[in-house]
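A quick write-up on the structure given underneath.
The values are calculated or read from the model by the stated rules, or taken from the named source; none is laboratory data. These numbers were taken from a predicted model, which means no experiment stands behind them. Neighbour counts are summed over all protein chains in view; Cβ atoms, including those assigned to glycine, are modelled from backbone coordinates with ideal geometry.
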Number of protein chains: 2
Amino acid sequence: MSQVATEQLLKSDSLLTDRVRLVIAVTLAGAKEPMDFRSLLDALNLTKGNLSSHMRKLEEAGIVHIQKEFIDRKPKTTYTLSNKGREELKAYLDTIENFVRAAENL
Amino acid sequence: MSQVATEQLLKSDSLLTDRVRLVIAVTLAGAKEPMDFRSLLDALNLTKGNLSSHMRKLEEAGIVHIQKEFIDRKPKTTYTLSNKGREELKAYLDTIENFVRAAENL
């Protein structure tokens, strides 16, 4: 087992080490356009409270951008992955991939 | 993004979804012989309390076997990954791998 791959995985302090947040980031990364709260809920099958707590953390960390606008006088909030979020996601996916590859060579 | 890969990752209720426990399992899987507490500590760079709490959970779930014996009249405790643990590890590594592969195809 590669010590480096293990240490990388254990040392990462990204918010994306939480698998729910990782899935949120991946879902946003794959979305063709900004997603609203309802679409995220449907895609992820989480409770509102759970999703909203994760989105707040991701926003505070600058991983997710929130856009608020009015459409037909109704407020609409949408989410996108920021550039920082995209980089952090890529880096963490690489970390997991290296780890899994090393683990499967056991 | 594959919905199946995402759901598999989110639905797993394995103790190995915790990355520290995942690394412990991988370390035991790669060990040529049973490991004692000290070697695990050295390999993983955790605190005693943290490692011992994870080992207890892994033992209770039947993922890790504990052997206690006396060597030169001193008690010695060693740990191995059980067959159940090995299967669960393999299954969870496959889950992560499928997820990462789907995520990288975005």
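Matching residues to (1) modelled with pLDDT under 95; (2) hydroxyl-bearing (Ser, Thr, Tyr):
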| residue | (1), (2) |
| --- | --- |
| B:LYS11 | yes, no |
| B:ARG19 | yes, no |
| B:SER39 | yes, yes |
| B:LYS57 | no, no |
| B:GLY62 | no, no |
| B:PRO75 | yes, no |
| B:LYS84 | no, no |
| B:GLU104 | yes, no |
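Identify all residues within the stretch B:51-106 that are of a type in the set (A, V, I, L, M), within 30 Å of A:ALA29 (Cβ to Cβ) and out of contact with any helix residue (DSSP H, G or I) (no Cβ under 8 Å at 6 or more places or on another chain); write none if there are none. Answer for the stretch B:51-106, where residues must be of a type in the set (A, V, I, L, M), within 30 Å of A:ALA29 (Cβ to Cβ) and out of contact with any helix residue (DSSP H, G or I) (no Cβ under 8 Å at 6 or more places or on another chain): just B:ALA91. Across the stretch B:87-106, the qualifying residues are those that are more than 10 Å from chain A (Cβ to nearest Cβ) and within 20 Å of B:MET35 (Cα to Cα), and the one among them that is surrounded by the fewest Cβ atoms within 10 Å (Cβ to Cβ) is B:GLU87. Quick one: would you say A:LEU28 is under 25 Å from B:GLN8 (Cβ atoms), at the interface with chain B (Cβ under 9 Å from one of its Cβ atoms) and buried (at least 17 other Cβ atoms within 10 Å of the Cβ)? Spelling it out, it is not the case that A:LEU28 is under 25 Å from B:GLN8 (Cβ atoms), at the interface with chain B (Cβ under 9 Å from one of its Cβ atoms) and buried (at least 17 other Cβ atoms within 10 Å of the Cβ). Please determine whether any residue of the stretch A:12-23 is under 25 Å from B:THR95 (Cα atoms) and touching a Lys or Arg at 6+ places or on another chain (Cβ under 6 Å). Within the stretch A:12-23, one or more residues are under 25 Å from B:THR95 (Cα atoms) and touching a Lys or Arg at 6+ places or on another chain (Cβ under 6 Å). Return the residues of the stretch B:41-54 that are buried (at least 16 other Cβ atoms within 10 Å of the Cβ) and within 21 Å of A:THR17 (Cβ to Cβ); say none if nothing qualifies. Once the filter is applied, which keeps residues that are buried (at least 16 other Cβ atoms within 10 Å of the Cβ) and within 21 Å of A:THR17 (Cβ to Cβ), the stretch B:41-54 yields B:ALA43, B:LEU44, B:LEU46, B:LEU51, B:HIS54.
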